[in-house]
């Protein structure tokens, strides 16, 4: 019965700048009720960052000598010893890759830190340890199995300003219709 309730057909294909929303009962602790910002998607594979999974660390705890107490999220289970960042409203950053208009990831770390120290950019810069990655065709297979809902309208507001604890529900509500119902579905229906 539960399988029928959550069967749906994605009307959108994944692309850079979209959100991937995990289905309500995805049986993977790494991605349970997660929202992933897809930074890159092409014939070789996909790269994204989980937006709503906080870590227990701040940037200055992970990077001694960097006096910036930015929160750090868990971008995914791949290479958790690496640091990644999304940003907007920044001066040009060497090596930064534009995902969509005014939203970038990566680039010269020293330039990012210099910008962060000079400007009030707490709402324009997100740090992550690790990332979420898929090999060629793997993401599409997961989408075809209904593991992910593709949401093409990843606004700056959703990515940078929505409280991360509420992001999964907020995106589903924004999608409307049956997805609004999913947003209120309990994590464990047996406890309802």
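The values are calculated or read from the model by the stated rules, or taken from the named source; none is laboratory data. No experiment lies behind these values; they were computed from the predicted model shown. We place every Cβ from the backbone using ideal geometry, glycine too, and count neighbours over all the protein chains shown.
General remarks:
- Complete set of residues in segment 24-35 that are surrounded by 20 or more Cβ atoms within 10 Å (Cβ to Cβ) and touching a strand residue (DSSP E or B) at 6+ places or on another chain (Cβ under 8 Å): 31, 34, 35
- Across segment 54-74, the number of residues qualifying as free of Cβ contacts under 8 Å to residues at least 40 places away in the same chain, surrounded by 14 or more Cβ atoms within 10 Å (Cβ to Cβ) and in contact with a strand residue (DSSP E or B) (Cβ under 9 Å, 6 or more places away or on another chain) comes to 2.
- Among the conditions (1) modelled with pLDDT of 95 or more; (2) under 23 Å from residue 154 (Cα atoms), residue 32 misses just one, which is (1).
- Here 137, 95 are screened, and the one residue that is in contact with a strand residue (DSSP E or B) (Cβ under 9 Å, 6 or more places away or on another chain), free of Cβ contacts under 8 Å to residues at least 40 places away in the same chain and surrounded by fewer than 20 Cβ atoms within 10 Å (Cβ to Cβ) is 137.
- Considering 46, 16, the condition of being touching a strand residue (DSSP E or B) at 6+ places or on another chain (Cβ under 6 Å), in a loop (DSSP other than H, G, I, E, B) and crowded, with 19+ Cβ neighbours inside 10 Å is satisfied by 16 alone.
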